[in-house]
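See below for the structure under consideration.
The values are calculated or read from the model by the stated rules, or taken from the named source; none is laboratory data. Because the structure is a prediction, the values reported are computed rather than measured. In this analysis, Cβ positions are derived from the backbone assuming ideal geometry, glycine residues included, and neighbour counts consider all displayed protein chains. Protein only, heavy atoms only, side chains kept; ligands, DNA and RNA dropped before computing areas. Shrake-Rupley method; radii C 1.70, N 1.55, O 1.52, S 1.80 Å.
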Amino acid sequence: MEETSLRKRREDEKSIQSIEHKTTNLQKELGLFSGICIIVGTIIGSGIFISPKSVLSNMEAVGPCLIVWAACGILATLGALCFAELGTMITKSGGEYPYLMEAFGPIPAYLFSWTSLFVIKPSSFAIICLSFSEYVSAPFYSGCNPPQVVIKLLAAAAILLITTVNALSVRLGSYVQNVFTATKMVIVVVIIISGIVLLAQGNTRNFENSFEGTKLSLGAIGLAFYNGLWAYDGWNQLNYITEELRNPFRNLPLAIIIGIPLVTGCYILMNVSYFTVMTATELLQSQAVAVTFGDRVLYPASWVVPLFVAFSTLGAANGTCFTAGRLVYVAGREGHMLKVLSYVSVKRLTPAPAIIFYGIIAIIYIIPGDINSLVNYFSFAAWLFYGLTIFGLVVMRFTRKELKRPIKVPIFIPILVTLLSVFLVLAPIISQPAWEYLYCVLFMLSGLIFYFLFVYYKFGWAQKISSKYQLRDCFAVSKVRQARHPV
């Protein structure tokens, strides 16, 4: 009896140790297919359905518009290859955050986490959900624009739903991502095949003299790239969940190599399809490009377009939430945010506090949210840190030679992407100055105040909050022990 009791006690202690370990570590549950789905599903969202108008309005001609879409795909691919080297060299979740930490130290890493937490990620989440609500509400307000209150309430409901799903389960969030990715590819394929059929029937008149009226100013090109690259945003999302990816040395680069060229081809073909049925003027006047395309080509089954666009945007929002929550989690784990944000749910094994906090910030962005201003605000901040991160890759080639690099891209690629990032950040400011850029820079720099007050000097109130939750976790574990070993 004593031996049996001793054996049972040891098994119970091992079980408790297992629980304690899982509460502080994310699990490797994502394979290659899920990785591809996260890349494709996060990139193909609202962008390809709202950005064609913005890209065309800046270039004012069909030919340069298509060139910009192809160039954005090439730039996203080159950037992703640089991130593949970073992701296999520094196998930590959090995307740019651990890379900036290794290359430049804690201050740039903190400013990135600060800007991402309060600007880049929530504004992206808000844009996608606002696009979702516009497409969902449009059929109920035929002939007029839906009320802003309805759009914003639907967007807030979408954020709450997606946040709840990702806080409940990693597998549930991954499953939802896979389903929506498969669903959105249906409408992408329908639009592409319809365009190819129309081209085969001789509908090429809108491609004649396609370079007339082209704008070549630096500001116009920069803004066109902002909107095109917004549609490609998500090319780096897999780096945020490296710790949850099985065999990252193999699956991370493979998912990038397969996923991003697939998206680039789809985007170019979709834009070609749009221009087979709409002139440049008609596309600029369209309230919803994909819906106009469906009305002209798929009638009477045109109702499927807004339905599948809604699925597409939900999938992109889910992928954004899934990965952005990990950034907040890693920043909390490193002590750059409240410690409570680094906690992983005991039962769910998800960074639930980080995901919930991220959802709350995104809802706040919806209140004054305007899609076009949010896109410019997002793109300026995002490419500032993309360029800095990839420049860090160049720096670490000389300062961190001892790090193993399972993937090593030619040095000219990160240098080229860094220079293009500098152009994207400066061109719109020099050509078309706007207060939004100044506000964004000031907000980024304000992070230094919080860094020195609450991270560097570690004011007591933040530590008390963290200690409170740590004691609560310890109490929960002790209750498990008491339940298994009653006195």
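Tally the residues that are among the hydroxyl-bearing types (Ser, Thr, Tyr) and open to solvent by 50 Å² or more (accessible area, probe 1.4 Å), restricting the search to the stretch 292-320.
1
Name the residue, out of Leu78, Leu86, that is open to solvent by 10 Å² or more (accessible area, probe 1.4 Å) and over 17 Å from Leu284 (Cα atoms).
Leu78
For the stretch 61-97, name all the residues that are among the charged types (D, E, K, R) and within 19 Å of Leu424 (Cβ to Cβ).
Across the stretch 61-97, the qualifying residue is only Glu96.
What's the total number of residues in the stretch 414-432 that are open to solvent by 50 Å² or more (accessible area, probe 1.4 Å) and in a helix (DSSP H, G or I)?
Within the stretch 414-432, the first condition is being open to solvent by 50 Å² or more (accessible area, probe 1.4 Å), and the residues that meet it are 415-416, 419-420, 422-423, 426, 429-432.
Then keep just the ones that are in a helix (DSSP H, G or I); that gives 415-416, 419-420, 422-423, 426, 429-431.
Result for the stretch 414-432: 10.
Go through the stretch 246-260 and give me each residue that's surrounded by fewer than 23 Cβ atoms within 10 Å (Cβ to Cβ) and more than 10 Å from Ala80 (Cβ to Cβ).
Residues satisfying the conditions are Arg246, Asn247, Phe249, Arg250, Asn251, Leu254, Ile258.
Counting only residues that are among the aromatic types (Phe, Trp, Tyr) and surrounded by fewer than 22 Cβ atoms within 10 Å (Cβ to Cβ), how many does the stretch 178-208 have?
Qualifying residue count for the region: 1.
Every residue, every condition in (1) under 16 Å from Tyr358 (Cβ atoms); (2) crowded, with 24+ Cβ neighbours inside 10 Å, yes or no:
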residue	(1), (2)
Ile128	yes, yes
Ala138	no, no
Ile162	yes, yes
Val165	yes, no
Val170	yes, no
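Identify the residue in the stretch 218-245 that is modelled with pLDDT of 80 or more and in a loop (DSSP other than H, G, I, E, B) and, among all such residues, is least open to solvent (accessible area, probe 1.4 Å).
Selected residue: Trp235.
I'd like to check something: does the stretch 386-409 contain any residue that is over 21 Å from Ser124 (Cα atoms), open to solvent by less than 30 Å² (accessible area, probe 1.4 Å) and outside any helix (DSSP H, G or I)?
Among the residues of the stretch 386-409, at least one is over 21 Å from Ser124 (Cα atoms), open to solvent by less than 30 Å² (accessible area, probe 1.4 Å) and outside any helix (DSSP H, G or I), which makes the answer yes.
Run down Tyr451, Tyr437 and say which single residue is closer than 14 Å to Tyr377 by Cβ, touching a residue at least 12 places away in the same chain (Cβ under 8 Å) and crowded, with 16+ Cβ neighbours inside 10 Å. I'd like the intermediate steps shown before the answer.
Values: Tyr451 fails: closer than 14 Å to Tyr377 by Cβ.
From the options Tyr451, Tyr437, the qualifying one is Tyr437.
Select from the stretch 332-362 the residues that are in a helix (DSSP H, G or I) and open to solvent by 60 Å² or more (accessible area, probe 1.4 Å) and write down the one among them that is modelled with the highest pLDDT.
The initial filter retains those residues of the stretch 332-362 that are in a helix (DSSP H, G or I), namely 332-333, 339-342, 352-362.
Narrowing the set further to residues that are open to solvent by 60 Å² or more (accessible area, probe 1.4 Å) leaves 333, 339, 356-357, 360.
Details: Arg333: 70, Lys339: 69, Ile356: 85, Phe357: 83, Ile360: 89.
Only one residue tops the list, namely Ile360.
Which one of these is outside any helix (DSSP H, G or I) and open to solvent by 10 Å² or more (accessible area, probe 1.4 Å): Lys53, Lys92? Give the derivation first.
Values: Lys53 fails: outside any helix (DSSP H, G or I).
Within the list Lys53, Lys92, the selection yields Lys92.
Which residue, of Phe275, Phe211, is buried (at least 23 other Cβ atoms within 10 Å of the Cβ) and over 25 Å from Tyr386 (Cβ atoms)?
Phe275
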